[in-house]
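The values are calculated or read from the model by the stated rules, or taken from the named source; none is laboratory data. Since we're looking at a predicted model, the values are computed, not measured. Here the Cβ is made from the backbone with ideal geometry for all residues, glycine too, and neighbour counts use every protein chain on show. Please note that ligands, DNA and RNA were not included when accessible areas were found on the heavy atoms of the full protein model with its side chains. Shrake-Rupley method; radii C 1.70, N 1.55, O 1.52, S 1.80 Å.
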Amino acid sequence: MTVETGPGAPARILVVDDDEAIRRILKRILESAGFSVDVAGDGAEALGLVASGSYDAIFSDISMPAMDGLAMLRAIRRYDLDVPVVLITGAPAMQTAMLAIEYGAAGYLEKPIEPAKLRETAQHSVRMHALAKLKRRALELHGKEGLYGDRASAETRLERAMERMWIAYQPIVSWKDRRVFGYEALLRSDEPSLATPIELFRVAERIDRVGDVGHAIRLRVADEITRLDPGALLFLNIHPKDLDDPKFVERMRPLLPWAARIVLEITERAALDEVKLLHDTIRALRAHGFRLAIDDLGAGYAGLTSLAMVEPEVVKLDLSLIRDVGDVPMKGQIVRSMIGLCAELGMMVVAEGVETAGERDAIVEMGGDLLQGFLFAKPGRPFPEPSFSPKGP
Ligand code: G
Ligand code: MN
């Protein structure tokens, strides 16, 4: 059996441990599972190998003389931003394990290592790496948009916009079932200069009111979800700043009764590794029953962080990847592989911004089923019915 990441070549794994016997055992288990395995006896040797070759995953002991696993992890990131590093801990060291995740480890394994668990983790890491690499390629397909536009009287304009805000809902459909899978809630305002969420949040960020805007949205959604068909999920965007607010989970209270029907979307457009409380917030949200999605995948930051830290239930492919997906071979390849990998990782995939029957058919042919976009319905007052006719509305 061979574990492949691309055409032909088996996935490459590096094992780092100062104990020769452990290196040999791990190598044998992984090789019998079809991986190509190199070993290193310490951090310095490992770094030399990483600098000169590329690996799909690295398994490393945490406590080693000279350079420990965490220090090595930091050094590795200078050569390779994406490669998943799984740290191996001796004693049940929750503290170290959490630290490892904070430093960007893809996961950790406890000794003694069970072969099945090792193989499964290797397989998972290799797929995560492939997905991270695809994301980086997706980013290269398009340039990034500019960020700022300065204006005065932000306070007043934000107040006015908030008084005139409403929530638009856009259906996400299951194409094979021809039914509504859920709705994404989208902020709108009748204040013309701040009509879109991007502009409104840009101003809110400047005057530190992001938390209040989010709260107002959630209150409105909590009210409107009572009228939503119980079979439909509700997708709600979360601002990255919210994730760093110690009061955030408490402020989600109005939505707690519906947590099991709510998928919180975390955008890739922000750098999640700067969110210090990400880990705690995510854990608390999950404990309440919320599910999580990575939004705008393929449009934001490259790298593994968002996927590894969030391990989302749902991945939403950015509309820039979906546009003309059937006609641009490079996009087609990326999207097809993303859909396949997400399925293997147990993540649901939503294709965003589907505008034409051609895009829809291309995605469906690639194995995608959950679709959102103007082809089915524009965002509108609660709750617009999608159109399933061949050409769309
Ligand atoms: O970043 P996020 O994915 O949450 O934003 C969704 C945005 O995409 C909404 O503002 C929505 O109006 C817009 N949108 C939804 N469907 C389509 C579509 O088919 N085409 C385009 N161009 N935009 C869309
Ligand atoms: Mn979204």
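Enter the accessible area per residue of the chain (Å², integer; probe 1.4 Å; all protein chains in place). Intermediate values should be presented prior to the final figure.
Details: 17590 Å² over 393 residues.
Heavy-atom SASA per residue in the chain reads 45 Å².
Taking the Cβ of residue 111 as the centre, find all other residues whose Cβ is under 14 Å away and add up their charges (Lys, Arg: +1; Asp, Glu: -1). Working shown, then result.
Details: positive: 23, 117; negative: 17, 18, 19, 61, 110, 114.
Charge balance in the 14 Å sphere: -4.
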Original post:
What number in nm² do you get for region 272-338 if you take the convex hull of its Cα atoms and divide its surface by four?
Top reply: 4.9 nm²
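Helix-derived [θ] at 222 nm for the chain: sum -39500 (n - 2.57) over DSSP H runs of at least 4, divide by residue count, nearest 500? All intermediate terms of the calculation are to be shown ahead of the outcome.
On the way: 15 runs with 154 residues, N = 393.
So the calculated ellipticity at 222 nm is -11500 deg cm²/dmol.
Could you sort out which of 133/241; 331/378; 27/133; 241/276 sit more than 18 Å apart by Cα distance in this structure?
Numbers: 133/241 26 Å; 331/378 24 Å; 27/133 25 Å; 241/276 10 Å.
With Cα atoms farther than 18 Å apart: 133/241; 331/378; 27/133.
Specify, per residue and in Å³, the volume enclosed by the convex hull of the alpha carbon atoms belonging to the chain. It would help to have the intermediate numbers written out before the result.
Numbers: hull volume 60.0 nm³, N = 393.
Residue-normalised Cα hull volume stands at 153 Å³.
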Subject >> Apportionment of accessible area to carbon and sulfur, the chain, percent (1.4 Å) >> reply: 53 percent
Subject >> Sequence of 301, 183 when ordered by accessible area, the most exposed leading, probe 1.4 angstrom >> reply: 301, 183
Original post:
Within the chain, what percent of beta bridges assigned by DSSP are antiparallel, to the nearest 5?
Top reply: 25 percent
